[in-house]
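Let me begin by presenting the structure, written as structure tokens, before commenting on it.
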Amino acid sequence: RIGGGRGGDLYTFHPPAGAGCTYRLGHRADLCDVALRPQQEPGLISGIHAELHAEPRGDDWRVSLEDQ
């Protein structure tokens, strides 16, 4: 889950059952699964800013973030 501040959750991820997945985050809504909008300075968030990778590990998940 991303967010949880005063504005509530920004996004909640629901990975597919039993499979790994990748989510792209950035300001290009046409290229990303989660579109991010900067609050103050537009140049701070790239078109594809980061990728969130999730892989099943037994009954749990391994999650990593790759900065783009």
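Things worth noting here:
- Taking label points 7 Å from Cα along the Cα-to-Cβ direction, V34 and I48 give a separation of 1.7 nm.
- Binning the alpha carbon pair distances of region 21-67 at 10 angstrom intervals from zero yields the distribution 29, 42, 21, 8, 0, expressed in whole percent.
- Counted residue by residue at 0.36 nm each, then reduced by the alpha carbon distance between them, the extension gain from F13 to E66 reaches 17.4 nm.
- A simple count of charges around L52, restricted to other residues whose Cβ falls under 10 Å of its Cβ and scoring Lys, Arg +1 and Asp, Glu -1, yields -2.
- T12 accessible area, 1.4 Å probe, all protein chains in place, Å² to nearest 10: 60
- In terms of accessible area, using a 1.4 Å probe and ignoring ligands and nucleic acids, H49, H14 rank largest first as H14, H49.
The values are calculated or read from the model by the stated rules, or taken from the named source; none is laboratory data. What you see is a predicted model; the values in this text were computed from it and never measured. Ideal geometry is used to build each Cβ from the backbone, glycine not excepted, and the neighbour counts take in all protein chains shown. Only protein heavy atoms, including side chains, enter the accessible area calculation; ligands, DNA and RNA are left aside. Shrake-Rupley method; radii C 1.70, N 1.55, O 1.52, S 1.80 Å.
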